[in-house]
1. Report the normalised scattering of the range 13-87 as log10 I(q)/I(0) at q = 0.24 Å⁻¹, calculated by the Debye formula with identical scatterers on the alpha carbons.
2. Report the extension gain between E52 and A14 in nm, rounded to one decimal, defined as 0.36 nm multiplied by the number of residues separating them, less their alpha carbon distance.
Amino acid sequence: MQPDVPTASCCGEADAYFADEIHVRDGKTYAIITDDRPDEPRGRPHVDIGTEIEVPDHKLKWDKGNPTGHGIIFLSRNRYVFCYVQPGGA
């Protein structure tokens, strides 16, 4: 669920990208796309590996991890950030 809209889902194959690198610069959080999985089976637009996406603070989900072992950023087709979920946990 989206951290700032807890009734709205942010999870779906068509908007999920591995983003295992995350850093803070000038007080802003950035996730780096590291996903090399094919886009077509997931029905998602392509985002190049190494693309840096600013993640607004209210879109950071730190209360629960995910079981994939990857950080995941969920993006709309125009790259609006639904949420960033840290790796690990359940």
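1. -1.15
2. Numbers: separation 38, 0.36 × 38 = 13.68 nm, distance 1.87 nm.
Between E52 and A14, full extension yields an extra 11.8 nm.
Coordinate-derived values only; no laboratory data. Fair warning: this is a prediction, and the values are worked out from it, not measured in the lab.
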